[in-house]
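K.L.:
Take this structure, written in structure tokens, and hold onto it; I'll ask about it next.
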Amino acid sequence: MIVGAGAAGLFAALTAARAGARVTLVSARPLAETASYWAQGGIAAALAVEDSPALHLQDTLTAGRGLVRRSAAEVLCAEAPARFADLETLGVHFDTDRHGNLALGLEGGHGIRRVAHAGGSATGRQILRELSAEVVAQERIEVLAGRRARALLTHGDGRVGAVACDDGRVITARAVILATGGAAALWSRTTNPPGSYGSGLLLARAAGADLADLEFAQFHPTAVVGIPGREGFLVSEAVRGEGATLHDAAGARFVDELAPRDAVARAIHRLLVETGAPAVFLDMTAIDPARFPNVVAALRESGHDPATRRIPVSPASHYVMGGIATDLDGRTTVAGLFAVGECACTGLHGANRLASNSLSECFVFGRRAAQAALDEPAGSSGGGLTAPPADVLALPPSRDTRAAMWRDAGLERTAGGLRRLLADEHPLARLVAASALAREESRGAHARADFPASDPDLDGRHGVVPAGAETPTLIGWT
Ligand SMILES: Cc1cc2nc3c(=O)[nH]c(=O)nc-3n(C[C@H](O)[C@H](O)[C@H](O)COP(=O)(O)OP(=O)(O)OC[C@H]3O[C@@H](n4cnc5c(N)ncnc54)[C@H](O)[C@@H]3O)c2cc1C
């Protein structure tokens, strides 16, 4: 059983079905409302002749600021090229140059052109179109669209054995893979679809799973500000990779546009705080509009032509590095339960995800989890199935919670703000606050105004929140 039909869920479903399993795929929202569908820039893999998994690994480690779980990043970088080839075999046409060679883009933090894209900046849409067509055609996969998983049921021995949906249906399964996406929409200013509020994290926690690294939420530097109908719309990092520049209100450049995301986002944030301005300006007037057709079209639809005018942008919550703690095969700390894609935390992104590593993650770990799930025992000796004591149907955050997250767990945090957030009504908001409070340092996407330096003693130490606890323990992962 797979919960979620983004890149991770669809790919895991196909892998399992092709290996002979019968799969039920439940998805709450239409395809076009997944983060995967919205992905623009592309998928990172060492594909260029002069590139290698070792170079990709080095950039991933550098971006992750001393917190990347090396074993997970090694798996990602080694296996991403093969998963890219799988996508091509499935029929995804990646963009090529005029000589027919793969056109690789450059994004912040990558030392080399390494990002494959499709349809210019419509990579997610193109991939999901092929994957979903394949899933529909696969007779071993039953798709239940428009249904929300509301609880995971466990046997007496703690093994997960079924998923309860919001229509009252209970689906039993040998293994359950959560692929429910991220939680960036917990913050009021976000690039994510509204459904990305971390429901899978709470389902897993209620079933007894550990969560990890919740203090690490990545803020994308360039989301649109003040263009009606396009608030929070993402302007891909690949645009800066092709030469777009950032300017203050007076027209001056103020940051290395190709530094890793945390550095660029924080430079913009600090400038906006200092000056009181609502936005900085992205100049993509020198960029060929044909390279980013959907970005250009979306802005033009709103009456703003990026070929002639600079675009007002500021940071927005974009990606949560933390999630359900897993091993390198997507196994959570609960038997029978797996997690993949953005809802999972393998530790691969450390404190700051390297651009375009997340789609690669969906395919690399989606496949590994599906294969591992096939090895789960068919039954449990633990007796009948029970639901968690409380109904954990994770509700969308209220407007107040989202505003509080932006204010108190935003680009720069303080102990005072985080303590205030500990009293929020939303359980995930409280866990983010507790995790951010416990990490008394600044590292990657987590910046504490009251602890501005990184603490070398916390290198490689992940904040793990066990199911029964409200606060994390900082531990090292191998
Ligand atoms: C605007 C934007 C641009 C991006 N660009 C890139 C990029 O260029 N490259 C890159 O690598 N990454 C990019 N990312 C990040 C990347 O898209 C995501 O990390 C990734 O697609 C997540 O995939 P997923 O399958 O884990 O989750 P999603 O694609 O979010 O899918 C989650 C699925 O779970 C379902 N679901 C959730 N809760 C439940 C529930 N309780 N019951 C049933 N179903 C549920 C949803 O309906 C959905 O089907 C971008 C993200 C955004 C928002």
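The values are calculated or read from the model by the stated rules, or taken from the named source; none is laboratory data. What you see is a predicted model, and the numbers here were worked out from it, not measured in a lab. Positions of Cβ are generated from backbone atoms using ideal geometry, with glycine treated the same way; all protein chains shown enter the neighbour counts. Heavy atoms of the whole protein, side chains included, go into the accessibility calculation; ligands, DNA and RNA do not. Shrake-Rupley method; radii C 1.70, N 1.55, O 1.52, S 1.80 Å.
K.L.:
Using mean Cβ contacts within 10 Å as the protection proxy, how do 252-265, 81-94, 196-209 order, highest first? Walk me through the numbers before you get to the answer.
P.N.:
Details: 252-265: 19.2, 81-94: 15.9, 196-209: 26.6.
For the peptides 252-265, 81-94, 196-209, the packing ranking is 196-209, 252-265, 81-94.
K.L.:
Packing-wise, with mean Cβ within 10 Å as the measure, how do 309-316, 337-344 rank, highest first? If you can, show how the numbers build up before the last one.
P.N.:
Details: 309-316: 21.6, 337-344: 31.8.
Output ranking for 309-316, 337-344: 337-344, 309-316.
K.L.:
Computed FRET efficiency, Cβ-Cβ of ASP256 and THR285, R0 22 Å: what is it to the nearest 0.05? Mind dumping the intermediate values first?
P.N.:
Details: r = 20 Å, r/R0 = 0.90.
Using R0 = 22 Å, I get an efficiency of 0.65.
K.L.:
Where does the Debye-calculated log10 I(q)/I(0) of the chain sit at q = 0.08, 0.10, 0.12 Å⁻¹, using only Cα point scatterers of equal weight, no solvent?
P.N.:
Calculated log10 I(q)/I(0) at the listed q: -0.43, -0.68, -1.01.
K.L.:
Say each of THR245 and GLU231 gets a label point 7 Å from the Cα, pointing the same way as Cα to Cβ; how far apart are those two points in nm?
P.N.:
A separation of 3.1 nm, rounded to one decimal place.
K.L.:
Between GLU274 and ARG98, what FRET efficiency follows from the Cβ-Cβ distance if R0 is 35 Å, with the result rounded to 0.05? Let's see the in-between values first.
P.N.:
On the way: r = 45 Å, r/R0 = 1.27.
Taking R0 as 35 Å, the efficiency between GLU274 and ARG98 is 0.20.
K.L.:
Please calculate the 1.4 Å probe accessible area of VAL235, with all protein chains present, and give it to the nearest 10 Å².
P.N.:
Answer for VAL235: close to 0 Å² accessible.
K.L.:
Rounded to the nearest 10 Å², what accessible area does ILE127 have for a 1.4 Å probe in the complete protein model?
P.N.:
Ignoring ligands and nucleic acids, ILE127 comes out at about 0 Å².
K.L.:
Would you tell me the accessible area of ARG270, worked out with a 1.4 angstrom probe on the heavy atoms of the protein chains, in Å² to the nearest 10?
P.N.:
Accessible area of ARG270: about 110 Å².
K.L.:
Taking a probe of 1.4 Å, how large is the accessible area per residue of the stretch 1-43, in Å²?
P.N.:
On the way: 1340 Å² over 43 residues.
Accessible area per residue, the stretch 1-43: 31 Å².
K.L.:
Then there is this: Rolling a 1.4 angstrom probe over the protein heavy atoms, how many square angstrom per residue are accessible across the stretch 379-478?
P.N.:
Value returned for the stretch 379-478: 48 Å² of accessible area per residue.
K.L.:
Is any residue of the stretch 439-461 close enough, with backbone N under 19 Å, to a label point placed 7 angstrom from the Cα of LEU422 along the Cα-Cβ axis, and if so, which?
P.N.:
439-442, 447-451, by backbone N distance to the label point.
K.L.:
Can you give the helix-only mean residue ellipticity at 222 nm for the chain, where every DSSP H stretch with n ≥ 4 adds -39500 (n - 2.57) and the sum goes over all residues, rounded to the nearest 500 deg cm²/dmol?
P.N.:
Details: 13 runs with 146 residues, N = 478.
Helix-only estimate at 222 nm: -9500 deg cm²/dmol.
K.L.:
At what distance in nm do the modelled label points of ALA415 and ALA82 sit from each other, each positioned 7 Å from its Cα along Cα→Cβ?
P.N.:
Here the answer is 4.9 nm between the modelled labels.
K.L.:
Take each of the peptides 65-78, 446-459, 33-46, average the number of other beta-carbon atoms within 10 Å over its residues, and list them starting from the highest. Mind showing how you got there, number by number?
P.N.:
Details: 65-78: 21.9, 446-459: 15.2, 33-46: 25.0.
Top of the packing list down: 33-46, 65-78, 446-459.
K.L.:
Label point 7 Å out from ASP400 along Cα-to-Cβ: which residues of the stretch 429-459 have amide N under 18 Å?
P.N.:
429-431, 433
K.L.:
Let me ask something additional. How much accessible area per residue does the stretch 285-377 have, counting only protein heavy atoms and a probe of 1.4 Å, in square angstrom?
P.N.:
Roughly 27 Å² per residue, with all protein chains present.
K.L.:
Assuming 0.36 nm per residue, please report the length gained on full extension of the stretch ALA438 to ASP459 beyond their Cα-Cα distance.
P.N.:
Numbers: separation 21, 0.36 × 21 = 7.56 nm, distance 1.44 nm.
In short, 6.1 nm is gained.
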